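Chemist: First the structure, which I've put down as structure tokens, then a few questions once you've had a look.
What follows is calculated from the coordinates using simple rules that are stated; it is not laboratory data. Note that the structure is a prediction, hence the values are computed from the model and not measured.
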Amino acid sequence: MGSRELKIVKDCQIVRLKALMKDILFFDAEIRALSKTPTFEQDATILQTILGVATITAMRLLLELGDFRRFRSAEAIAIFF
């Protein structure tokens, strides 16, 4: 591949990366909005009291675990993963 072709490939990859970054920003905003709904707000707030857990991590846990009260211990949650 010549330098012209490499530049075209690089430029295409940059365009794709920018589109992906835009998508990530969009979905982050959607997840943050979802965390403020009555379904998730209380549990997301509780999870964010854990050091290092912010909105996105809290929502990921809630969406993957469902109702985390069904687990009897932190160990039970760890085994789930």
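Chemist: Where does helix 55-65 land angle-wise versus the long Cα axis of the chain, in degrees 0 to 90, nearest 10?
Modeler: The two axes meet at around 70 degrees.
Chemist: Hey, what do the phi angles of the stretch 26-32 turn into as Karplus ³J(HN,Hα) couplings, whole Hz, using 6.51/-1.76/1.60 and θ = phi - 60°, x for Gly and Pro?
Modeler: 4, 5, 4, 5, 5, 5, 4
Chemist: Can you give the helix-only mean residue ellipticity at 222 nm for the chain, where every DSSP H stretch with n ≥ 4 adds -39500 (n - 2.57) and the sum goes over all residues, rounded to the nearest 500 deg cm²/dmol?
Modeler: Value at 222 nm, helices only, nearest 500: -23000 deg cm²/dmol.
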